[in-house]
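Only one structure is covered here, and it is reproduced in the block below.
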Amino acid sequence: MALIVQKYGGTSVGNPERIQNVARRVLATQQAGNSVVVVVSAMSGVTDGLIKLAKEVSPSPAEREMDVLLATGEQTTIALTAMAINALGGKAVSLTGAQAGIITSGVHTKAKIANIAPRQVRKFLEEGNVCIVAGFQGQTLEGQITTLGRGGSDLTAIAIAAAIKADMCEIYTDVDGVYTCDPRVVPDAKKIDAIAYDELLEMASSGSKVMQSRSVEFAKKFKVPFEVRSSFNNNRGTIVKEESIGLENVVVRGISLERKQAKVTITQVPDKPGTASRIFTALSEANVIIDVIVQNVSVSGTTDISFTMGADELEKLGPVIDRVAKEVGAGEVIKKSGIAKLSVVGIGMRSHSGVAATLFECLGNGGVNIQMISTSEIKIAVIIDEAQIEHAAKLAHAAFGLAK
Ligand code: ADP
Ligand code: ASP
Ligand code: MG
């Protein structure tokens, strides 16, 4: 008998028929002789709808209240899923994040899991129940409701699988697995059979939202292998696991794109020790996540520094950047939104040359201008105009021979 965690995302529980489909799949898994814990998301569109409602009553709602509100999305789905299983003659109980023992930090709307004490999960499983746990939510030690950041149900599933030492963790979604690129953008993208944690982590944190990046980080840290697959068929999905020799043979595993980015250039920054630190300390104190940073060669004692961030962040941050640029005695501040990032990812890059050349060549031939470049051991990313991102993704996908 195996202990299995299954997570169903928003589309998979998007209406009553789909919840009944999930109920049938879960019962079939249990009837095959397994113990099953199910983690569910809010029905598709519900979380966005709740955020919109909040904005209608308040321009900047308190984050504590946002968490109380957003947690209702998943709470609806756990009850409906348990009811659907019971209606089919099965035995299921729903548990909120708090009841499932998920203890988090107190950072509302992006809390981190601190500990899991799944006492009730174990007890209900022993009594022959399917446990239906609300994804995306937890509580602090003081009993405050928290949420784990957008896409956080993935994290709930991986963390519960680690805590109860599940034999298998299955992430059910609306695509057959992790593809070489978002199949909505590149129609001939191919399903990947197996991928290393580090590769999916790079892809997820550079825009491939098929898995929440923090959930992949958690899986890597606690060595939880998992499979991403479809809730609408029985096809094998993508196995996500530690690196192995076979995985290293592929140079480029996949391509991600991230839209809605913004670029800031501060010109004529005095080229002396401590200046960059003053600029980026001011930004980090404002809690902005800076992505790519490029500093030019210094000419006559000054240099230009460019960096990117989410376009929404720039709206909030504009005044802070203007202030700090003035304080350090820099020149102009040029702000530009409407840019995007394309990343090419693969652990095989560590031991292969020519990936950058192939990428730059295909973009150049296709008329895509590269504004910034950033690399890591297993990734090459370029900043380009947002209007060209889909074209660029298709060019790179073809250049690296990733198509079906
Ligand atoms: P869920 O609601 O099940 O959590 P998500 O919408 O969060 O599902 O993630 C699934 C979606 O991720 C797919 O519909 C697909 O458009 C998108 N996606 C982005 N990049 C990829 C990729 N490389 N492979 C597969 N899907 C991807
Ligand atoms: N419902 C949450 C969201 O839309 C969490 C999730 O679906 O994973 O972000
Ligand atoms: Mg998701």
request  = Starting at the first residue of the range 368-374, write each ³J(HN,Hα) from the Karplus equation 6.51 cos²θ - 1.76 cosθ + 1.60 with θ = phi - 60°, in whole Hz, x for Gly and Pro.
outcome  = 9, 8, 8, 9, 8, 10, 9
task = Would you work out the charge dipole size for the range 218-347 about its Cα centre, treating the Cβ of every Lys and Arg as +1 and the Cβ of every Asp and Glu as -1, and quote it to the nearest 20 debye?
result = 380 debye
ask   = Under 5 Å between amide H atoms, partner at least 5 residues away or on a different chain: which partners does Ser94 have, H built in plane at 1.01 Å?
value = Ile132
remark   = Mean-square fluctuation maximum in Gaussian network of the chain, Cα pairs under 10 Å, restricted to Thr281, Thr76, Thr29, hits Thr281
task = Would you mind calculating the relative contact order of the chain from Cα pairs under 8 angstrom and at least 6 residues apart, reporting the percent as a whole number?
result = 14 percent
ask   = Once the other residues with Cβ under 15 Å from the Cβ of Ala196 are scored (Lys, Arg +1; Asp, Glu -1), what is the net sum?
value = -3
key: Amide N of the range 143-157 lying under 19 Å from the label point, which is placed 7 angstrom from the Cα of Glu315 along Cα→Cβ   = 150
request  = Under a 10 Å cutoff between Cα atoms, tell me which one of Glu74, Glu127, Glu202 has the largest fluctuation in the Gaussian network model of the chain.
outcome  = Glu127
ask   = If r is the Cβ-Cβ distance from Arg236 to Asp271 and R0 is 60 Å, what FRET efficiency results, to the nearest 0.05?
value = 0.60
message = From the Cα trace of the range 140-194, what convex hull volume per residue do you get, rounded to a whole Å³?
response = 112 Å³
inquiry  = Given Cβ point charges of +1 (Lys, Arg) and -1 (Asp, Glu) and nothing else, what value in debye, to the nearest 20, does the dipole of the chain about its Cα centre take?
reply    = 620 debye
key: Positive-end residue, the range 150-258 charge dipole about Cα centroid, Cβ charges, pick of Cys181, Ala161, Ile245   = Ala161
remark   = Plugging the Cβ-Cβ distance of Asp188 and Val57 into 1/(1 + (r/R0)^6) at R0 = 41 Å yields, to the nearest 0.05, a FRET efficiency of 0.35
ask   = Based on DSSP H runs of at least 4 residues, each adding -39500 (n - 2.57), what is the mean residue ellipticity at 222 nm of the chain after dividing by all its residues, to the nearest 500 deg cm²/dmol?
value = -11000 deg cm²/dmol
key: Virtual spin-label span in nm between Glu126 and Lys165, 7 Å along Cα→Cβ   = 1.5 nm
query = Of the trypsin sites (Lys or Arg not before Pro) in the range 96-200, which ones lie in a loop per DSSP and count no more than 10 other C-beta atoms within 10 Å?
reply = Lys165, Arg184
query = Any idea what the dipole of the range 225-264 comes to, in debye rounded to 20, about its Cα centre with Lys/Arg Cβ at +1 and Asp/Glu Cβ at -1?
reply = 320 debye
query = Given the convex hull over the Cα atoms of the range 181-300, what projected area results after averaging over all orientations, in nm²?
reply = 11.4 nm²
inquiry  = Just to be sure I understand: of the beta bridges DSSP finds with both ends in the chain, what percent are antiparallel, rounded to 5?
reply    = 60 percent
task = Quick one, can you get me the convex hull of the C-alpha atoms of the chain expressed as volume per residue in Å³?
result = 156 Å³
ask   = Given the pairs Lys52/Lys190; Lys7/Lys316; Lys7/Lys123; Lys52/Lys220; Lys52/Lys241, which span a C-alpha to C-alpha distance of over 29 angstrom in this model?
value = Lys52/Lys190; Lys7/Lys316; Lys52/Lys220; Lys52/Lys241
task = Could you pull out which residues in the range 298-317 have an amide N less than 13 Å from a spot 7 Å beyond the Cα of Phe280, following the Cα-Cβ vector?
result = 305-308
message = On a full-extension model of 0.36 nm per residue, what is the gain between Gln295 and Asn115, subtracting their alpha-carbon distance, rounded to one decimal in nm?
response = 60.7 nm
message = Residues of the range 161-193 with backbone nitrogen within less than 15 Å of a virtual label 7 Å along the Cα-to-Cβ line of Ala32, please, listed as ranges.
response = 167-172
remark   = The local net charge around Gln144, scoring Lys/Arg +1 and Asp/Glu -1 for residues other than Gln144 whose Cβ lies under 15 Å from its Cβ, equals -1
ask   = How big is D, in µm² s⁻¹, for the range 308-370 by Stokes-Einstein at 37 °C and 0.692 mPa s if Rh is the Kirkwood radius over C-alpha pairs?
value = 217 µm²/s
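No value in this document is a laboratory result; all are computed from the given coordinates. These numbers come from a predicted model, not from an experiment. So basically every Cβ, Gly included, is an ideal-geometry build from the backbone, and we count neighbours across all protein chains shown.
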